[in-house]
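The values are calculated or read from the model by the stated rules, or taken from the named source; none is laboratory data. Values in this document were obtained by computation on a predicted structure and should not be read as measured data. Because the Cβ atoms are built from the backbone with ideal geometry, glycine has one as well, and the counts that use them run over all protein chains shown. Remember, those area values only see protein heavy atoms, side chains included, never the ligands or the DNA or RNA. Shrake-Rupley method; radii C 1.70, N 1.55, O 1.52, S 1.80 Å.
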Amino acid sequence: MRRFISHKTINLISKTTTSTISSSSSPNSPSLSPNSPLNSLLRFFSALPAYSLDSMASDYSATPITIDNINPKVLKCEYAVRGEIVSIAQTLQQSLKDNPGSHPFDEILYCNIGNPQALAQQPITFFREVLALCDHPSILDKSETQGLFSADAIERAFQILEQIPGRATGAYSHSQGIKGLRDTIASGMGARDGFPADPNDLFLTDGASPAVHMMMQLLIRSENDGILCPIPQYPLYSASIALHGGTLVPYYLDEQTGWGLEISELEHQLKTAKSKGIDVRALVVINPGNPTGQVLGEANQREIVEFCKKEGLVLLADEVYQENVYVPDKKFHSFKKVSRSMGYGETDITLVSFQSVSKGFYGECGKRGGYMEITGFSPEVREQIYKLASVNLCSNISGQILASLIMSPPKVGDESYESFSAEKEAILSSLARRAKTLEDALNSLEGVTCNRAEGAMYLFPCINLPDKAIKAAEAAKTAPDAFYAKHLLNATGIVVVPGSGFRQVPGTWHFRCTILPQEEKIPAIVSRLTEFHKKFMDEFRG
């Protein structure tokens, strides 16, 4: 398999090199130099044992499964966040390890995915203390534990374990999640919104993604069923819609107004879809936005709720970045709070909200914790949702515990409160500074505009590429923003995701860049990016 990836990588790099050579007459072009990073990488992989695609095909010629007879929905599904650019980055990383100094950079800077702890963000101490005690409950009875763990973490671990049969975190739970933990989450949601939440409305899941898939399974019956999704969008939605055989109905966010969500655009796209025979069943809203980083105003949210009620659409509210708001003039409001404050109750609007332990200031991506709250579904439909959940038995218990902790953190008077608050503030304030620094840097580049980073973990700048670069990308049979991203990676080690992986207004080009690299590394990213961009624009200017 490694040889297959190496072969594929050589082809990708060769395409990039060829396109650069064919599109540039500059003798100073780094891609033409024998010591260029592209040629260094080609030499590295060319030295590996030959393993052709033809030999792979012949090895598997007798097997019953081929690329031509697998589920076509799988082929249609794409997920750019871990796509081609990342594959090249991983290859470069191995090259750096095996041949230090072989590239003009000494490390790969992964700005492609919202994975905070992989980029050295430290976990929240209180959360990890409680998890450790729950997973190894026998130490709760040891005298040394009092000196190693905070008193409130010990107390919380006892409370949680009392809710788990046999105090066994390795056992299956109820398919919706442990009832006591759902009680805690519901209480936290009620405190957040000022409106009560019912623990029976909660389904604890392995991150938010399985909950999204569950809803798509429920709603999509055929390709004639459509889901309204924002463009740009998080690829989970296009991928899950494709896997479940539905149709993505795009609505375009307005970049000129800070990625605004206009009701007139929703109405237009809904009307267009209906004229094509598409039965639009739900509206996806990501707030704060991914990849766009905007935070919706409450008045706009009210308009969205009214639109869904009027059109009979399920409102699918992706709220996993609710803790990530960086500007003083914006505040997160859940759609549950907004709809209830408008006087709409259980039977007035059908709403599903998603939350995850992977984002916020906690960044516990690998623990795979999350939940969805479902309201406005009949008892008969709820039974079917429960059936879908029960097929997977239950979500992992560590993730369930973390989901309860993020909705019920230490409070004033608890031993861990001050350290918890300090850790939270340090992470969020640093993210805000990083976002602002990167935003300013991007806006200083020729032909680049970047909207204000209001929330989430990303910037999504628009890049106005020269015609020569666009033609070179076409010759390389790749999207222009992917062409740019590959050159950026090979020259600097910076990994970003091309905007084409998120979809965008036709004729515009973007890339998504996280704000997650540690703060002390941001100046280096800015310096590398600035130097690269100038050289790239000079090379392809005309």
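Only residues that are touching a Leu at 6+ places or on another chain (Cβ under 7 Å), without any contact (Cβ under 8 Å) to a residue 40 or more places away in the chain and either open to solvent by 30 Å² or more (accessible area, probe 1.4 Å) or not in a helix (DSSP H, G or I) (or both): list them for the range 140-173, please.
Listed by number, the residues that qualify are Phe149, Phe158, Gln163, Arg167.
Can you find a residue that is assigned to a strand (DSSP E or B) and crowded, with 18+ Cβ neighbours inside 10 Å anywhere in the range 338-351?
yes
Report yes if some residue within the range 356-370 is within 26 Å of Leu313 (Cβ to Cβ) and either in contact with an Asp or Glu (Cβ under 6 Å, 6 or more places away or on another chain) or among the aromatic types (Phe, Trp, Tyr) (or both); otherwise report no. Explain how you work it out, then say what you get.
Applying the first criterion (within 26 Å of Leu313 (Cβ to Cβ)) to the range 356-370 yields 356, 359, 370.
Next, only the ones that are either in contact with an Asp or Glu (Cβ under 6 Å, 6 or more places away or on another chain) or among the aromatic types (Phe, Trp, Tyr) (or both) stay: none.
No, that holds for no residue.
In the set Gly366, Gly399, which member is in contact (Cβ under 8 Å) with a residue 40 or more places away in the chain and open to solvent by 10 Å² or more (accessible area, probe 1.4 Å)? Reasoning before the result, please.
Details: Gly399 fails: open to solvent by 10 Å² or more (accessible area, probe 1.4 Å).
Being in contact (Cβ under 8 Å) with a residue 40 or more places away in the chain and open to solvent by 10 Å² or more (accessible area, probe 1.4 Å) holds for just one of Gly366, Gly399, which is Gly366.
Being modelled with pLDDT of 95 or more, under 19 Å from Ser390 (Cβ atoms), open to solvent by less than 60 Å² (accessible area, probe 1.4 Å) and assigned by TED's automatic domain parsing to the domain that holds Ser341, is that true of even one residue in the range 187-198?
No; the residues of the range 187-198 include none that is modelled with pLDDT of 95 or more, under 19 Å from Ser390 (Cβ atoms), open to solvent by less than 60 Å² (accessible area, probe 1.4 Å) and assigned by TED's automatic domain parsing to the domain that holds Ser341.
How many of the residues in the range 272-297 are open to solvent by less than 10 Å² (accessible area, probe 1.4 Å), more than 26 Å from Cys111 (Cα to Cα) and under 23 Å from the mean Cα position of the chain (by Cα)?
The number of residues fulfilling the criteria is 2.
Just one of (1) of a type in the set (Val, Ile, Thr); (2) in a strand (DSSP E or B); (3) under 13 Å from Phe354 (Cα atoms) trips up Val212, so point out which.
(2)
Starting from residues that are in a loop (DSSP other than H, G, I, E, B) and of a type in the set (A, V, I, L, M, F, W, C), keep the ones in the range 229-266 and report whichever is nearest to Tyr458 (Cα to Cα).
Ranking the qualifying residues of the range 229-266, first place goes to Trp259.
Can you report the number of residues in the range 368-419 which are in a loop (DSSP other than H, G, I, E, B) and touching a strand residue (DSSP E or B) at 6+ places or on another chain (Cβ under 9 Å)?
Just the residues of the range 368-419 that are in a loop (DSSP other than H, G, I, E, B), to begin with: 368-369, 376-378, 392-396, 407-416.
Filter once more, keeping what is touching a strand residue (DSSP E or B) at 6+ places or on another chain (Cβ under 9 Å): 368-369, 376-377, 392, 394-395, 407.
The number of residues fulfilling the criteria is 8.
Is it the case that some residue within the range 221-240 is under 20 Å from Asp348 (Cβ atoms), buried (at least 17 other Cβ atoms within 10 Å of the Cβ) and touching a helix residue (DSSP H, G or I) at 6+ places or on another chain (Cβ under 9 Å)?
First, the residues of the range 221-240 that are under 20 Å from Asp348 (Cβ atoms): 228.
After this cut, where a residue has to be buried (at least 17 other Cβ atoms within 10 Å of the Cβ) as well, the list is 228.
Retained after the next criterion (residues that are touching a helix residue (DSSP H, G or I) at 6+ places or on another chain (Cβ under 9 Å)): 228.
Checked the range 221-240: at least one residue is under 20 Å from Asp348 (Cβ atoms), buried (at least 17 other Cβ atoms within 10 Å of the Cβ) and touching a helix residue (DSSP H, G or I) at 6+ places or on another chain (Cβ under 9 Å).
Working carefully through the options Gln269, Gln301, find the one that is part of a helix (DSSP H, G or I), open to solvent by less than 40 Å² (accessible area, probe 1.4 Å), modelled with pLDDT of 95 or more and out of contact with any Leu (no Cβ under 7 Å at 6 or more places or on another chain).
From the options Gln269, Gln301, the qualifying one is Gln301.
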